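For reference, the structure discussed in these notes is given below.
The values are calculated or read from the model by the stated rules, or taken from the named source; none is laboratory data. This one's a predicted model, so the numbers in the text were calculated from it and none came from an experiment. A quick note on method: Cβ atoms are made from the backbone with ideal geometry, for glycine too, and the neighbour counts reach across all protein chains shown.
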Amino acid sequence: MTLTMNPAVDLATCVDKVMPIDKMRCTTPRFDPGGGGINVARTAAGLGVEVTAVFPSGGLHGRLLEQLVREAGVPVRSVSVAEPTRENVAVTDTATGEQYRFVFRGPRITAPEQHRCLAEVERAVRGVRYLVASGTLPPGASPDFYQTLTDLVAESGVRVVLDTSGPALRTMRHGVYLIKPSVRELGDYVGHPLTERAEQLSAARTLITSGMTEIVLLSLGAAGALVVTRNQHEWFPPIPARVRSGIGAGDAMVGGTTVGLVRGYSLADAVRLGIAAATAALATVGTGPGRPEHIDELYRELVRIEAAAGADKDRTPG
């Protein structure tokens, strides 16, 4: 199950050149269901794992969002809210290849609406093995919402995977199975940039030794990923790829990794699947997930790359 508290309808288009004042004639827009947990759910569904998406929905954009999620093959459990669901816009300048992303704050979620979202999760969580809570919190949401969520499902045996940042991350105290920050987000959490590997490891272990989480999956962007547990860590190289759109790649990493865990993969192989899913997502337009066959091909390629690297891998045994 995924929970997305600040979902969006994502509009993507292209224009010959981005410039001020003059009208820019855009290509036919592409509409995708967006928001962290929804992007995770689309990746999981594409890889053949049963997944349900829970999210608040309001207004015309909310109804469109529900339709788009269902069309992606993901069952929906939406929670009606008063203010309309947001729309985000991404415009690619075809002359330079640069992408401009316009992201809006989203609707204000009242305390009763937050409670209804939690109640919907509580009703649906029976039989769920992993709950992925992903994305920013909307205006009005309590900063400790994700901690409340984690406490709510603690007795159900579900493992919580969390991908968030800012106040929502700083208020977490305990109970998470895996947290996936980017290196920038983790640097914001500890209060300074994390440029060296030793700094990254130390910051990640802080989350573990504090009891917040068992595993930290640190996204390093073009430098790959670092997975850290209490007693060991492992670096995973990136897969070279042509980027069409970077939107949703981090969510695809979470989706692929969680699918690997559901399948019973080792943690290392689950992360490899996550990296493959993220790389495949970079090749798609809008926020579309990568094709399953492309993800499988990239996963095998990553295994080959790491096998060839052999002893050069940056690994510390427990």
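Residues that are of a type in the set (Val, Ile, Thr), in a helix (DSSP H, G or I) and touching a strand residue (DSSP E or B) at 6+ places or on another chain (Cβ under 8 Å) within the range 1-53 comprise Ile38, Val40, listed in sequence order.
Here is the figure for the range 243-255: residues that are in a helix (DSSP H, G or I) and either over 19 Å from Thr229 (Cα atoms) or modelled with pLDDT under 95 (or both) total 5. The set of residues in the range 215-231 that are surrounded by fewer than 16 Cβ atoms within 10 Å (Cβ to Cβ) and either closer than 26 Å to Asp151 by Cα or modelled with pLDDT of 95 or more (or both) comprises Arg230, Asn231. Scanning for something in a strand (DSSP E or B), more than 30 Å from Arg263 (Cβ to Cβ) and β-branched (Val, Ile, Thr), does the range 80-89 turn up at least one residue? The answer is yes; a qualifying residue exists. Scanning the range 282-302 for residues that are at pLDDT below 90, part of a helix (DSSP H, G or I) and closer than 15 Å to Gly248 by Cβ yields a total of 1. Out of Gly106, Gly37, one residue alone is under 17 Å from the mean Cα position of the chain (by Cα) and buried (at least 24 other Cβ atoms within 10 Å of the Cβ). It is Gly37. Sub-6 Å Cβ pairs linking a first residue in the range 175-190 that is at positive phi to a second residue that is part of a helix (DSSP H, G or I) and surrounded by fewer than 19 Cβ atoms within 10 Å (Cβ to Cβ), at least 6 apart or interchain, are Gly175/Ala154, ordered by first then second residue. Within the range 303-318, the residues that satisfy the criterion of being assigned to a helix (DSSP H, G or I) and either modelled with pLDDT under 80 or of a type in the set (Gly, Ala, Ser) (or both) are Ile305, Glu306, Ala307, Ala308, Ala309, Gly310, Ala311, Asp312.
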